[in-house]
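These notes concern the structure reproduced below.
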C-alpha cells in the first residue's frame, strides 16, 4: 500500500508550508496583511499536520523506499522589495498547489478505502488549502502591476 507515502508527503508538506508562511511573514513585516494572513495560514498548516497523525499511525508514514523526489522544498530565505514579495508569494502558491493535489489524491484513496474519518479530514484540510490558494492568487494579482512595472 502506497497511501503511507502520500500521508508522509502531506505531513512533510504541511510542515514545510507552515515554515515558509512564517518566513514570509517575518521577511515582509511592512506588509501588514501578508504578515497577519501568513501567520494565520501557518497555524492552519500546523493544525493539518496534527490532524494527519492518527492516519499516519494507522497507515504509516514515509516508508522505506519512498521516492526521493516526492517532496517540495520550502523557502530558504525571503527576498526584499516589491518583486521579492511577488516571488515569495508565488513560491507559497506553488507549495500550496503541491499540497492541494496531494490532498486530492489522498482523498481519492480514502474514498476507495471507505475511511470516513480520513475523508472528513481531507475535505476540511483541502478546503482550507484551497482558500489559501485563492488568497495568494488575489494578493499576487494585486502586487503584480506595482512589482513588475515600477522599478524598486
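Before moving on, here are some points about what is shown:
- The residue of region 25-44 that is surrounded by the fewest Cβ atoms within 10 Å (Cβ to Cβ), among those that are in contact (Cβ under 8 Å) with a residue 40 or more places away in the chain and closer than 19 Å to residue 130 by Cα, is 33.
- Hey, residue 13 in a helix (DSSP H, G or I), crowded, with 20+ Cβ neighbours inside 10 Å, modelled with pLDDT under 95 and touching a helix residue (DSSP H, G or I) at 6+ places or on another chain (Cβ under 6 Å) or not: yes
- Residues of region 48-71 that are surrounded by 19 or more Cβ atoms within 10 Å (Cβ to Cβ) and modelled with pLDDT under 95: 59, 61.
- Residue check, residue 40 in contact with a helix residue (DSSP H, G or I) (Cβ under 8 Å, 6 or more places away or on another chain) and at negative phi: no
- Qualifying positions in region 100-124 - within 13 Å of residue 51 (Cβ to Cβ), touching a residue at least 24 places away in the same chain (Cβ under 8 Å) and surrounded by 13 or more Cβ atoms within 10 Å (Cβ to Cβ): 103, 106, 118, 121, 124
The values are calculated or read from the model by the stated rules, or taken from the named source; none is laboratory data. The structure presented is a predicted model; accordingly, all values stated were derived computationally and were not measured. All Cβ positions, even for glycine, are placed from backbone atoms using ideal geometry, and neighbour counts span all protein chains on display.
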